[in-house]
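A.B. asks: I have a structure here, written as structure tokens, and I will follow up with some questions on it.
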Amino acid sequence: MTHGTHGEGTVGIGELAARTGMPVKTIRYYSDIGLLPESGRSRGGHRRYAADALPRLRLIQRLRALDTPIAAIATVMTGEHSLADLVTRELDTVQAHMRELTWRQGILRSLDDCPELERLRRLTLLAEVGKLDEAHDRLVRYWHWALPTSLPHRLTRAVIEGAVPVPPTTPTSTTVLAYAELHALTSGNDRRRQPQSHQVGDVASFYSGIMDACTLAAEALASGCPARRAEALDHFVRTYARISGHDDTPAFRAHLSIRFRHAAHPGSFPLRYWRHALAVTCEPASRSTATGQGHLAASLATLHQQVAGLPLTAEQWADNDDATVLFAEEASGTWRNHTPGDHSG
């Protein structure tokens, strides 16, 4: 249609308003920002629109009824994205927003119904994990700092994925507080590095052995298979036997049990880390935590419980000063040249 003529098959803004129930002002706004292009103007200067203007306007109207942002609608109107693309992107946005709200709800519940002094302590902790993505990134940075720099990248990635828990989609006050405690622990001045080459020798062999044992332990948790559980324990013990230059014997297992029990004092950094990590990933430990991010907590708790006979679940830990530890600096730092005593199996 050329300027100054009505053209056949065009429609005016008044008719669009009448057929959609939308105010003329709103339609004019959509037209001005390019969502509803004009076909031209009438001789009197009134806007005219092509025949497809009505279905386009109804699509805009329905998307706006779902609170879809104008910018997102514009990508569909211009052909940059399909309607299916828009729905997927908006669903992702809503889910992310719901995750933020659910996390904030968990924080507020953790602050509710507790003594005032405890509330102030919790507020200090929880303020640091108000933004989940940032808190998660800080945990990842801790592990990059803590692990040996000579560790192969694939192993570094595997350890970090297994060691850094992701808070559940429906966090409780307990899991929220445990996550905040975990963050405070790894951000504090007394944070500890994980075993280095001067402690365990071949770091790739050590960490690979631990991860393989954890994989088997995870499978045992998921399947409940006693044979796989025993296999995981054997692999775990052999890994520690190698760094001390010994064989997997009954005497060494007795020595290992004593060492891990001695390492499990309340102030132990590894003890505190894995206690909090297990509380974040499961209450109590369950088969559902055997895989995915943060899975090492349940696997290692199982292995250490087998080695030292220490309690496994977060509920039991709450009533015991002794608990399971992993990658313990006390346990790994002095073994390489130590000969275990003559302990019975």
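The values are calculated or read from the model by the stated rules, or taken from the named source; none is laboratory data. Fair warning: this is a prediction, and the values are worked out from it, not measured in the lab. With ideal geometry, Cβ positions are generated from the backbone for all residues, glycine too; neighbour counts draw on all protein chains shown.
A.B. asks: Can you tell me which of (1) free of Cβ contacts under 8 Å to residues at least 60 places away in the same chain; (2) small (Gly, Ala, Ser); (3) farther than 18 Å from Pro152 by Cβ is the one Ala222 doesn't meet?
C.D. replies: (1)
A.B. asks: Right, Ala254: small (Gly, Ala, Ser) and out of contact with any Phe, Trp or Tyr (no Cβ under 6 Å at 6 or more places or on another chain) or not?
C.D. replies: For Ala254, the condition - small (Gly, Ala, Ser) and out of contact with any Phe, Trp or Tyr (no Cβ under 6 Å at 6 or more places or on another chain) - is met.
A.B. asks: Identify, from the list Leu91, Leu36, the residue that is surrounded by 13 or more Cβ atoms within 10 Å (Cβ to Cβ) and among the aliphatic types (A, V, I, L, M).
C.D. replies: The match here is Leu36.
A.B. asks: Residues of segment 219-232 being at pLDDT 90 or above and surrounded by 21 or more Cβ atoms within 10 Å (Cβ to Cβ), which ones?
C.D. replies: Those that are at pLDDT 90 or above and surrounded by 21 or more Cβ atoms within 10 Å (Cβ to Cβ): Ala220, Ala232.
Results for (1) over 21 Å from Gln293 (Cα atoms); (2) at pLDDT below 95; (3) of a type in the set (A, V, I, L, M, F, W, C), shown as yes or no for each residue.
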{"site": "Cys114", "(1), (2), (3)": "yes, yes, yes"}
{"site": "Ala127", "(1), (2), (3)": "yes, no, yes"}
{"site": "Arg138", "(1), (2), (3)": "no, no, no"}
{"site": "Trp143", "(1), (2), (3)": "no, no, yes"}
{"site": "Pro167", "(1), (2), (3)": "no, yes, no"}
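A.B. asks: Look through segment 233-245, keep the residues that are of a type outside the set (A, V, I, L, M, F, W, C) and assigned to a helix (DSSP H, G or I), and return whichever of them is surrounded by the most Cβ atoms within 10 Å (Cβ to Cβ).
C.D. replies: The residue in question is Tyr240.
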